[in-house]
Amino acid sequence: MKKFPEGILGTITMALAFDLHQRYRTTHPSHFSGTELAVDIVKAVKWVHAEDPDLADAIVGHAFQLASDLKPRPVPFAVSADCVATSLAQQSSHPYGQWSRDQSREFVERCLNRS
């Protein structure tokens with residue numbers, strides 16, 4: 001397991017949870033599935049995944065849990081997973097590249113199973 005800078009994993013987790021929540025609160029529900037997360041957050045998730053896939057699963061699963069607890073309008077797990085999968089597949093995060101739709105779906109399924 002790679003040693004990450006102190007506090008960085010918690011920061012990524014919180015940033016992801018709050019970005020999911022903010023976008024869910026401000027986007028009409030029928031348009032949310034196509035919403036993309038902030039590029040820096042997507043890049044951070046891909047960075048952790050490149051270094052330690054199991055740890056990436058854990059922090060994204062934890063972010064799903066946090067987003068589902070935030071008020072008002074908690075974000076349902078399935079909605080968070082769809083948004084993250086869409087973002088991972090649509091954004092090219094140099095040097096981590098664009099993920100296929102299948103790769104991003106498999107990743108969020110693992111995250112959902114951990115949360």
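Values as computed for the structure displayed
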read-out: Failed condition for PRO72, given (1) within 24 Å of SER100 (Cα to Cα); (2) open to solvent by 60 Å² or more (accessible area, probe 1.4 Å); (3) not in a helix (DSSP H, G or I); value: (1)
read-out: Selection count, segment 79-101, where residues are in contact (Cβ under 8 Å) with a residue 24 or more places away in the chain and either in a helix (DSSP H, G or I) or open to solvent by less than 10 Å² (accessible area, probe 1.4 Å) (or both); value: 11
read-out: Single residue of VAL42, VAL60 found to be surrounded by 14 or more Cβ atoms within 10 Å (Cβ to Cβ) and modelled with pLDDT of 95 or more; value: VAL60
read-out: Residue match in segment 2-13 (condition: part of a helix (DSSP H, G or I), surrounded by 16 or more Cβ atoms within 10 Å (Cβ to Cβ) and out of contact with any helix residue (DSSP H, G or I) (no Cβ under 8 Å at 6 or more places or on another chain)); value: no
read-out: Options ARG105, ARG101: the member that is more than 25 Å from LYS3 (Cβ to Cβ) and more than 12 Å from the chain's Cα centre (by Cα); value: ARG101
read-out: Among the residues listed as HIS62, HIS49, the single one being touching a residue at least 40 places away in the same chain (Cβ under 8 Å) and under 20 Å from SER100 (Cβ atoms); value: HIS49
read-out: Residues of segment 82-115 satisfying the condition of being over 13 Å from VAL45 (Cβ atoms) and of a type in the set (A, V, I, L, M); value: LEU112
read-out: Any hit, segment 102-115, residues being outside any helix (DSSP H, G or I) and open to solvent by less than 50 Å² (accessible area, probe 1.4 Å); value: no
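The values are calculated or read from the model by the stated rules, or taken from the named source; none is laboratory data. What you are looking at is a predicted structure, and each value in this text was computed from that prediction instead of being measured. Reconstructed Cβ throughout: ideal geometry from the backbone, glycine too, with neighbour counts over all protein chains shown. Note: accessible area is taken over every heavy atom of the protein model, side chains too, but ligands, DNA and RNA are not part of it. Shrake-Rupley method; radii C 1.70, N 1.55, O 1.52, S 1.80 Å.
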